[in-house]
Amino acid sequence: MSSIPHDHAAGHAHDEHAHHPGGIMRWITTTNHKDIGTLYLWFSFIMFFAGGCLALTIRTELFEPGLQIVDPEFFNSLTTLHGLIMIFGAIMPAAVGFANWQVPLMIGAPDMAFARMNNWSFWLLPFAATLLFASFFVPGGAAAGGWTLYAPLSVQAGMGMDLTIFAIHIMGASSIMGSINIITTILNLRAPGMTMMKMPLFCWTWLITAYLLIGVMPVLAGAVTMLLTDRHFGTSFFNAAGGGDPVMFQHIFWFFGHPEVYIMILPSFGIVSTIIPAFSRKPLFGYASMVYATSSIAILSFLVWAHHMFTVGMPAAGQLFFMYMTMLIAVPTGVKVFNWIATMWRGSMTFETPMLFAIGFVFLFTLGGFTGLVLAITPVDIQLQDTYYVVAHFHYVLVAGSLFAFFGGIYYWLPKWCGRMYNEAMGIWHFWLSMIFFNITFFPMHFLGLAGMPRRVPDYATQFADWNMVASIGAFGFGLSQLLLLYNVVTCIRSGPPAPAKPWEGADTLEWTLPSPAPYHTFETPPVVQ
Amino acid sequence: MSERGSDDGIDDRRRSNRSLLKRLVTVVVVMFGFGFAMIPFYNKICEVTGLRNIDIADDAVNTQIDADRTVRIELDGNVNKLPWRFRPLTSIVSVHPGELTQVMYEVENTTDRPMTGQAVPSYGPQLAGQYFKKLECFCFAKQSFGPHEKRQLPVVFVVDPRLPANVPTITLSYTFFEVEGNES
């Protein structure tokens, strides 16, 4: 399965394309980590816009009180599919796309360890996405019980739920294969001298993410399999009619679900930990503590799942345990934030687009972390459960967290990927518009949640009208700002000015020793790391 | 890792990739099984901690009858996809907290075949459940009915006098479910 092309000398790397089918078949049959990384990133970009369209439909409906443009049932499908598509279609594949491009380049490996499996794990995704979108058109419509698929609603829902379950199976298989590939690549294919503690932090965070993925994705697969057999084969795992327990589903789901939120954020931590030192022209402050902090976050993530379900009626001892464990996560996370700030301290900083997004990330992710601490307090959480405060919290850590870091990563590595520079002015505009509109969209949701507005509801009491209108305006601004990114990326690829091998003065990882664009085959002769 | 140049090195690496792949796939398979293993694990926890013992009779607590207070008990009977007729004989009773009370439900199997069902109680408000002590209930066991058999089934209960004062009414609602595997 290993595909290390040992019959090519590094010298004629540039005419490799002759050995590959052209046109669409190049992309379908490719086993090249750069091609597959590109496919992952474009796929997630498309899913990002698709999920964004669902979000804007939601915000249009919520622009003013009353039911205007969609049925309540369809509204529920919109919130459910927005969540599923953004999580499994946009954020996770984008992270795998970054890993595919960057992990081999950063550790001096010629390709991923299992190149054909790599191809397979990408090409499963379009089928899963098709199932999800097709579910809108089946009788009963798409899944409408929330992305968490809580029983008993998901046991009783129409066949859109079956398509969703199969889509989750397929996406889960894809991420498991991707993770196995990344772990094996990092553990077995590092260049001579690249010890574990010399690895760029992006590789470390992805290694830990990959372990989380193979630990919890199978549990989600098991949970949705149980849903499926409850629905069609007469089992009663979650079906109270047969002695099952719907709350059990929540326990199993969140055993997956909480590590999942770190799966979505750890790769972003890695990207930010790469960008900030580059533009501060200083090595990362506290490298070893970053590695240990990431590991402790990963371990703690298995011990906090029940903070998502404080209201199910668990004993006070359980509530206290999960409350304190959750608060404990603030410690390693605080270490990370401290290290990022200490890296910038007295650095000779410049503020190109990647750095702007990285700083925006640190600022807004920390804000989202603080609201997370507020929600960790059990009595407060019981008050705020299922309100817009929760929506505000997780959009701060997922949009301003994961997504902003990915934006930064795209601008940072685009010159290496396509050999051309993006338009810096447009990038800065993209950052500031995203930053402003993001806050216009999601900051008012804190107020709405504190005032008691429930989430996943298409209509609301009139006292919530003003802030909802503000949030909807912000959402359209944020959505439209993303077209700038699309335009910038497309014009960069087609007609950007040529990029030097190392456009960022402070960058010091291995990929910058290669020419731009990175040749199709790289590091066939491993570099030697001191 | 360090001998990429030679063919031996490539074979070595391929072998170590394969063995890592096997170990990681084992983790995936074990975790898939772990998801299912959580079901008996949680059931055991619920059993040990008594979080979900709805089919066990409560102890007859020695309590004083609080004659100054009257609680209205509303009785309700439902069936879940089960062709049975199921109803309480009286739908509302007034009781004093601490007072032993018996109510009757009537069940009729309207089909031509013997069937087995199990009733599951629920309470409104939910909070009242812990103060509603059932000493005897048809919901503690599976109930079998012959074709067109009709029976009256009792519930004996005491409302705990510690019931919060702001609960004037308790709704006791049973739902009968067919027990799987009793088609014959």
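The values are calculated or read from the model by the stated rules, or taken from the named source; none is laboratory data. Here the structure is a predicted model, which means the values were calculated and not measured. Cβ coordinates were reconstructed from backbone atoms using ideal geometry, including for glycine residues, and neighbour counts include every protein chain displayed.
Every test in (1) crowded, with 19+ Cβ neighbours inside 10 Å; (2) under 28 Å from residue B:42 (Cβ atoms); (3) more than 10 Å from chain B (Cβ to nearest Cβ) is passed by residue A:199 save one, and that test is (2).
Consider residue A:158 carefully, then state whether it is surrounded by fewer than 23 Cβ atoms within 10 Å (Cβ to Cβ), in contact (Cβ under 8 Å) with a residue 12 or more places away in the chain and either among the basic types (Lys, Arg) or more than 10 Å from every other protein chain (Cβ to nearest Cβ) (or both). Yes, satisfied. Residue B:95 passes every criterion in (1) closer than 20 Å to residue B:59 by Cα; (2) more than 14 Å from every other protein chain (Cβ to nearest Cβ); (3) at pLDDT below 90 apart from (3). If only residues of region B:113-154 that are in contact with an Asp or Glu (Cβ under 7 Å, 6 or more places away or on another chain) and hydrophobic (A, V, I, L, M, F, W, C) are counted, the one that is surrounded by the most Cβ atoms within 10 Å (Cβ to Cβ) is B:115.
Of a type outside the set (Ser, Thr, Tyr), under 30 Å from residue A:145 (Cβ atoms) and at pLDDT 95 or above - does that describe any residue in region A:96-103? Checked against the condition, which is being of a type outside the set (Ser, Thr, Tyr), under 30 Å from residue A:145 (Cβ atoms) and at pLDDT 95 or above, region A:96-103 yields at least one hit.
No other residue among A:226, A:177, A:171, A:217 is within 12 Å of chain B (Cβ to nearest Cβ) and out of contact with any Ser or Thr (no Cβ under 6 Å at 6 or more places or on another chain) apart from A:226.
The residue that is farthest from the chain's Cα centre (by Cα), among those in region A:118-146 that are farther than 20 Å from residue A:42 by Cβ and in a helix (DSSP H, G or I), is A:137.
Restricting B:119, B:128 to those that are aliphatic (A, V, I, L, M) and outside any strand (DSSP E or B) reduces the list to B:128.
What about residue A:187, is it buried (at least 23 other Cβ atoms within 10 Å of the Cβ), at pLDDT 95 or above, within 30 Å of residue A:278 (Cβ to Cβ) and not small (Gly, Ala, Ser)?
Working: buried (at least 23 other Cβ atoms within 10 Å of the Cβ): no; at pLDDT 95 or above: yes; within 30 Å of residue A:278 (Cβ to Cβ): yes; not small (Gly, Ala, Ser): yes.
When the stated conditions are applied, residue A:187 does not pass them.
When residues in region A:407-431 are screened for being assigned to a loop (DSSP other than H, G, I, E, B) and among the aliphatic types (A, V, I, L, M), 1 of them pass.
Test of understanding: among A:152, A:139, which residue is at pLDDT below 95 and within 12 Å of chain B (Cβ to nearest Cβ)?
After applying the criteria, what remains is A:152.
When residue A:304 is tested against the conditions (1) out of contact with any Pro (no Cβ under 9 Å at 6 or more places or on another chain); (2) closer than 30 Å to residue A:413 by Cα; (3) aliphatic (A, V, I, L, M), the lone failure is (2).
To keep it simple, each residue is scored yes or no on (1) out of contact with any Pro (no Cβ under 7 Å at 6 or more places or on another chain); (2) in contact (Cβ under 8 Å) with a residue 12 or more places away in the chain; (3) within 11 Å of chain B (Cβ to nearest Cβ); (4) not aromatic (Phe, Trp, Tyr).
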{"residue": "A:231", "(1), (2), (3), (4)": "yes, yes, no, yes"}
{"residue": "A:250", "(1), (2), (3), (4)": "yes, yes, yes, yes"}
{"residue": "A:265", "(1), (2), (3), (4)": "yes, yes, no, yes"}
{"residue": "A:276", "(1), (2), (3), (4)": "yes, yes, no, yes"}
{"residue": "A:280", "(1), (2), (3), (4)": "yes, yes, no, yes"}
{"residue": "A:289", "(1), (2), (3), (4)": "yes, yes, no, yes"}
{"residue": "A:292", "(1), (2), (3), (4)": "yes, yes, no, no"}
{"residue": "A:295", "(1), (2), (3), (4)": "yes, yes, no, yes"}
{"residue": "A:298", "(1), (2), (3), (4)": "yes, yes, no, yes"}
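Here residue A:254 does not fit the description of being under 30 Å from residue A:105 (Cα atoms), more than 8 Å from chain B (Cβ to nearest Cβ) and either part of a helix (DSSP H, G or I) or under 25 Å from the mean Cα position of the chain (by Cα) (or both). For region B:16-53, a tally of residues being buried (at least 18 other Cβ atoms within 10 Å of the Cβ) and more than 8 Å from chain A (Cβ to nearest Cβ) returns 0. Residue-level check: of (1) under 30 Å from residue A:514 (Cβ atoms); (2) touching an Asp or Glu at 6+ places or on another chain (Cβ under 8 Å), residue A:117 misses just (2). Please tell me if residue A:207 is modelled with pLDDT of 95 or more, crowded, with 24+ Cβ neighbours inside 10 Å, touching a helix residue (DSSP H, G or I) at 6+ places or on another chain (Cβ under 8 Å) and within 20 Å of residue A:161 (Cα to Cα). Answer is no for this residue. A search for C-beta distances below 6 Å between a residue of region A:46-65 that is assigned to a helix (DSSP H, G or I) and any residue that is hydroxyl-bearing (Ser, Thr, Tyr), counting only pairs 6+ apart in sequence or on different chains, returns A:59/A:472.
Looking at region A:361-384, is at least one residue among the small types (Gly, Ala, Ser) and either touching a Pro at 6+ places or on another chain (Cβ under 7 Å) or closer than 30 Å to residue A:493 by Cα (or both)? For region A:361-384, residues among the small types (Gly, Ala, Ser) and either touching a Pro at 6+ places or on another chain (Cβ under 7 Å) or closer than 30 Å to residue A:493 by Cα (or both): absent. Among the criteria (1) assigned to a helix (DSSP H, G or I); (2) closer than 22 Å to residue A:356 by Cα; (3) touching a residue at least 60 places away in the same chain (Cβ under 8 Å), the one residue A:448 does not fulfil is (2).
Can you confirm whether region A:403-413 contains a residue that is closer than 18 Å to residue A:94 by Cα and either among the β-branched types (Val, Ile, Thr) or free of Cβ contacts under 8 Å to residues at least 40 places away in the same chain (or both)? Yes: region A:403-413 contains one or more residues that are closer than 18 Å to residue A:94 by Cα and either among the β-branched types (Val, Ile, Thr) or free of Cβ contacts under 8 Å to residues at least 40 places away in the same chain (or both). If you filter region A:233-247 down to residues that are within 9 Å of chain B (Cβ to nearest Cβ) and outside any loop (DSSP other than H, G, I, E, B), you find that the one that is modelled with the lowest pLDDT is A:241. Within region A:465-475, does at least one residue satisfy the condition of being part of a helix (DSSP H, G or I), closer than 14 Å to residue A:395 by Cβ and under 21 Å from the mean Cα position of the chain (by Cα)? Checked region A:465-475: at least one residue is part of a helix (DSSP H, G or I), closer than 14 Å to residue A:395 by Cβ and under 21 Å from the mean Cα position of the chain (by Cα).
Looking across region A:298-316 at every residue that is among the aliphatic types (A, V, I, L, M) and assigned to a loop (DSSP other than H, G, I, E, B), the one that is farthest from the chain's Cα centre (by Cα) is identified as A:314.
Any residue in region A:459-468 that is out of contact with any Lys or Arg (no Cβ under 9 Å at 6 or more places or on another chain) and closer than 30 Å to residue A:189 by Cα? There is no residue in region A:459-468 that is out of contact with any Lys or Arg (no Cβ under 9 Å at 6 or more places or on another chain) and closer than 30 Å to residue A:189 by Cα.
Going by the structure shown, is residue A:326 out of contact with any Gly (no Cβ under 6 Å at 6 or more places or on another chain) and modelled with pLDDT under 95?
Criteria not met by residue A:326.
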